[in-house]
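J.: Pasting in a structure now, in structure tokens, and then I'll have a few things to ask.
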Amino acid sequence: MSALAPPRARTAPRFEPRARRLPLGLVSLAAGAVLWEVVGRAAGVPFFPPLSEVVATLAAMTANGEILGNLLVSLGNLALGFAVSLAAGLVVGTAMGRYRRVKAALGVYVYALLTAPALVFAPIFFSVLGPGQSSIVAVVFMYSAFIMIVTTADAVEQVPAHLVEMARSYGANEWQLVTRVILPAASPTILAGVRLGMGRAVTGMINGEMFIAVTGLGRIVTQAGKSFDGAAVLAILLVVIAVALASVALVQFVDRRLTGWVPDTAKESR
Amino acid sequence: MIEISGLRKTFTGQDGAPVQALGGVDLTVRDDEFLTVLGPSGCGKTTMLKMIAGLQTWDAGEITVGGRPVRGPGPDRSMVFQNFALLPWATVLDNVAFGLRLKGVGKAERTERARDLIAKVGLAGFESKRPGELSGGMQQRVGIARALAVEPQVLLMDEPFGAVDEQTRRLLQEELLAIWEANRLTVVFITHSMEEAVLLGDRVVLMSARPGQIAEIVDVPLDRPRSSDVGGLERSREYVEITAHLWDRLRDMHEEHRAAPSEQAVR
Ligand SMILES: Nc1ncnc2c1ncn2[C@@H]1O[C@H](COP(=O)(O)OP(=O)(O)OP(=O)(O)O)[C@@H](O)[C@H]1O
Ligand SMILES: [Mg+2]
């Protein structure tokens, strides 16, 4: 890379008229909204109401505090479950990536649990931990931890040997090696795994709450479903999607701060 | 002073066959000497250097640096790598201060020493750039500054200018000479270039391949300081004769090698 290469954040110049530069994401969202409204009205079935009706329901549920109270409970479950998963992902993943014996000992479990349908553990947690927060946190963990463990282990294994050797030549001990060289070098791949883990954590939160909880978004979506309130189900779904997008955006924000040094990718700006 | 005696190492190749990298190396490097090492590819130069650095184990023999046997990396030795081995996320300043930071030198002091060395290698003003923003030559200047920052007694350089273009290499050679002439320390410098070996070295060690052994040690009786008149030096009779002699020896080694194709397959 030459000294003239622009930082990654800046996009390459595009030779297009200004008018055509509408943000593609917004256009896509608007088209989806229109489609929903039209199909919803045409179908006329109770479980797929048009967007306008869903938004009205969402406004009402927000006004009476139903959304906010449950949203806070869910966010608490998500934050706690994700934090535990992230810690496990970093610690176990680093150990597996760095020490052959740890990988040999834990690898089979990690890969088994990575592919196992995480919700099958919900009844176990429910019976052992009861219907409280710890059960939901455990479900979130089962959904999100293993993908972060596996990507962290891969990332650590792929750290260039010459950087490790360089650090050793300056007398780095194992802790300095891991914290000053290996984790920073592995951080781009680790953060890609963290993003996947965050998405899975949101899924785990909602599924766990639907199955176990007495409060939270998952709980009220189950109630709405049982009372055949299609508009409420979709209104809550919108909130869940917002939570998912916001949490992934948070990871991306952190990612950009930590890995701004990664050289330009081959991605086209088309 | 570095003393190497009876140094042997046999690797197990990927196919399981043994590869004898070093077959009994004896070598003494004098204090504040600039020693260059030349030899065909695969003769064990890097292996030997890494052993002095304490990064590589050996099967038999002994290495002492300043009388102390080498048991691992130490603050008395630092290494400059062919591929620079800079931390791509760290600034030039942080890269140069890396060794000091590992040693626990306080922030103010290590920043001052790093700035000092950055200036010495001609990179003042680039302190907050990252390696990705620098040319290869500038990156190796950072590598040299990092190695000198810890104030080693021995500088181990493994083809440090092998990855930069010819013109940059000549500049770097002159700069390294100037730095070394102003502030002497023991240097072991591996290279593929006969000209570089003669230009820089007090003595040139010629190694032979498989097993790696010292084939000859050639004195370079050229005047110092050399950095001020590299051009004149390269036209001198001694310079031309020594490089010609080194090439004769190396060519013989390559020809022997060609005559023994079965050994070539080992590599
Ligand atoms: N870790 C290793 N495992 C197996 N074989 C190795 C290892 N390191 C080096 N070798 C072998 O030892 C021999 C000497 O290698 P070394 O890298 O020291 O050579 P070199 O003189 O530095 O070569 P070059 O000039 O190409 O850099 C080679 O045949 C190489 O294949
Ligand atoms: Mg080598």
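J.: For residues that are at the interface with chain A (Cβ under 8 Å from one of its Cβ atoms) and within 16 Å of B:Asp116 (Cβ to Cβ), scanning just region B:79-99, find the one that is nearest to the chain's Cα centre (by Cα).
T.: If we take residues in region B:79-99 being at the interface with chain A (Cβ under 8 Å from one of its Cβ atoms) and within 16 Å of B:Asp116 (Cβ to Cβ), then B:Gly99 is nearest to the chain's Cα centre (by Cα).
J.: Of the conditions (1) touching a Lys or Arg at 6+ places or on another chain (Cβ under 7 Å); (2) open to solvent by 20 Å² or more (accessible area, probe 1.4 Å), B:Ala124 fails just one. Which one is it?
T.: Among (1) touching a Lys or Arg at 6+ places or on another chain (Cβ under 7 Å); (2) open to solvent by 20 Å² or more (accessible area, probe 1.4 Å), the lone unmet condition for B:Ala124 is (1).
J.: What do you reckon, is B:Ala145 small (Gly, Ala, Ser), within 16 Å of ligand 1 (Cβ to nearest atom) and within 14 Å of another protein chain (Cβ to nearest Cβ)? Give the derivation first.
T.: Numbers: small (Gly, Ala, Ser): yes; within 16 Å of ligand 1 (Cβ to nearest atom): no; within 14 Å of another protein chain (Cβ to nearest Cβ): yes.
No.
J.: If we scan region B:123-137, do we find a residue that is away from chain A (no Cβ under 13 Å) and touching a strand residue (DSSP E or B) at 6+ places or on another chain (Cβ under 6 Å)? Steps first, please.
T.: First, the residues of region B:123-137 that are away from chain A (no Cβ under 13 Å): B:124, B:127.
Now restrict to residues that are touching a strand residue (DSSP E or B) at 6+ places or on another chain (Cβ under 6 Å): none.
Checked against the condition, which is being away from chain A (no Cβ under 13 Å) and touching a strand residue (DSSP E or B) at 6+ places or on another chain (Cβ under 6 Å), region B:123-137 yields no hits at all.
J.: Look at region B:127-138 and say how many of its residues are in a helix (DSSP H, G or I) and open to solvent by less than 20 Å² (accessible area, probe 1.4 Å).
T.: Going residue by residue through region B:127-138, those that are in a helix (DSSP H, G or I) are B:131-133, B:136-138.
Right, trim to open to solvent by less than 20 Å² (accessible area, probe 1.4 Å) and you get B:131, B:137.
Number of matching residues: 2.
J.: All but one of (1) more than 14 Å from every other protein chain (Cβ to nearest Cβ); (2) surrounded by 17 or more Cβ atoms within 10 Å (Cβ to Cβ); (3) not in a helix (DSSP H, G or I) hold for B:Gly61; state the number of the condition that does not hold.
T.: Going through the list (1) more than 14 Å from every other protein chain (Cβ to nearest Cβ); (2) surrounded by 17 or more Cβ atoms within 10 Å (Cβ to Cβ); (3) not in a helix (DSSP H, G or I), B:Gly61 breaks only (2).
J.: Only one of (1) open to solvent by less than 30 Å² (accessible area, probe 1.4 Å); (2) under 23 Å from B:Arg169 (Cα atoms); (3) within 14 Å of chain A (Cβ to nearest Cβ) fails for B:Leu102. Which number is that?
T.: Result: B:Leu102 passes all but (2).
J.: Please identify the pairs in which a residue from region B:139-157 that is open to solvent by less than 10 Å² (accessible area, probe 1.4 Å) has its Cβ atom under 6 Å from the Cβ atom of a residue that is hydroxyl-bearing (Ser, Thr, Tyr), counting only partners at least 6 apart or on another chain.
T.: B:Ala147/B:Ser78; B:Val154/B:Thr186
J.: Let me ask something else. Taking into account only those residues within region B:48-58 that are open to solvent by 20 Å² or more (accessible area, probe 1.4 Å) and within 14 Å of another protein chain (Cβ to nearest Cβ), which is farthest from ligand 1 (Cβ to nearest atom)?
T.: Initially, region B:48-58 is screened for residues open to solvent by 20 Å² or more (accessible area, probe 1.4 Å), giving B:50, B:56-58.
If we keep only those that are within 14 Å of another protein chain (Cβ to nearest Cβ) as well, we get B:50, B:56-57.
On the way: B:Lys50: 8, B:Gln56: 8, B:Thr57: 11 Å.
Result: B:Thr57.
J.: How many residues, within region B:94-121, are closer than 20 Å to B:Leu185 by Cα and either out of contact with any Lys or Arg (no Cβ under 9 Å at 6 or more places or on another chain) or in a helix (DSSP H, G or I) (or both)?
T.: 10
J.: Modelled with pLDDT of 95 or more, within 13 Å of ligand 2 (Cβ to nearest atom) and buried (at least 17 other Cβ atoms within 10 Å of the Cβ): is that true of B:Leu38 in this structure?
T.: Values: modelled with pLDDT of 95 or more: yes; within 13 Å of ligand 2 (Cβ to nearest atom): yes; buried (at least 17 other Cβ atoms within 10 Å of the Cβ): yes.
Yes.
J.: Moving on. Just one of the numbered conditions (1) loosely packed, with under 14 Cβ neighbours inside 10 Å; (2) touching a residue at least 24 places away in the same chain (Cβ under 8 Å); (3) part of a helix (DSSP H, G or I) is not true of A:Phe47; which one?
T.: In the conditions (1) loosely packed, with under 14 Cβ neighbours inside 10 Å; (2) touching a residue at least 24 places away in the same chain (Cβ under 8 Å); (3) part of a helix (DSSP H, G or I), A:Phe47 misses (3) alone.
J.: Separate question: Please go through region B:13-26 and pick out each residue that is in contact with a strand residue (DSSP E or B) (Cβ under 6 Å, 6 or more places away or on another chain) and either open to solvent by 10 Å² or more (accessible area, probe 1.4 Å) or within 14 Å of ligand 2 (Cβ to nearest atom) (or both). Break it down into steps so the answer makes sense when it comes.
T.: Taking region B:13-26 as the starting set, the residues that turn out to be in contact with a strand residue (DSSP E or B) (Cβ under 6 Å, 6 or more places away or on another chain) are B:13, B:18-26.
Of everything in region B:13-26, those that are in contact with a strand residue (DSSP E or B) (Cβ under 6 Å, 6 or more places away or on another chain) and either open to solvent by 10 Å² or more (accessible area, probe 1.4 Å) or within 14 Å of ligand 2 (Cβ to nearest atom) (or both) turn out to be B:Gly13, B:Pro18, B:Val19, B:Gln20, B:Ala21, B:Leu22, B:Gly24, B:Asp26.
J.: Right, something else. Out of all the residues in region B:64-93, which are charged (D, E, K, R) and either within 13 Å of ligand 1 (Cβ to nearest atom) or open to solvent by less than 40 Å² (accessible area, probe 1.4 Å) (or both)? Working first, answer last.
T.: Taking region B:64-93 as the starting set, the residues that turn out to be charged (D, E, K, R) are B:68, B:71, B:76-77.
Result: B:Asp76, B:Arg77.
J.: Within region B:1-47, work out how many residues are within 20 Å of the chain's Cα centre (by Cα), within 9 Å of ligand 1 (Cβ to nearest atom) and of a type in the set (A, V, I, L, M, F, W, C).
T.: 4
J.: Hey, which of the helices (runs of 4 or more DSSP H) in region A:93-171, taking only ones fully inside, have at least 1 residues that are open to solvent by 60 Å² or more (accessible area, probe 1.4 Å) and within 14 Å of chain B (Cβ to nearest Cβ)? Step through it out loud before you land on a result.
T.: Values: elements: A:100-115, A:122-129, A:133-157, A:161-169.
The helices (runs of 4 or more DSSP H) meeting that bar are A:161-169.
J.: Residues that are open to solvent by 50 Å² or more (accessible area, probe 1.4 Å), at least 3 per element: which strands (runs of 3 or more DSSP E) completely within region B:181-257 meet that?
T.: Values: elements: B:186-191, B:203-208, B:213-219.
Once the strands (runs of 3 or more DSSP E) in region B:181-257 are filtered for at least 3 residues that are open to solvent by 50 Å² or more (accessible area, probe 1.4 Å), what remains is B:213-219.
The values are calculated or read from the model by the stated rules, or taken from the named source; none is laboratory data. If you're wondering where the values come from, they're calculated on a predicted model, not measured in any experiment. Backbone-built Cβ (ideal geometry, glycine too); neighbour counts: all protein chains shown. Ligands, DNA and RNA are stripped out before the accessible areas are found, and what is left, the full protein with its side chains, is counted by its heavy atoms. Shrake-Rupley method; radii C 1.70, N 1.55, O 1.52, S 1.80 Å.
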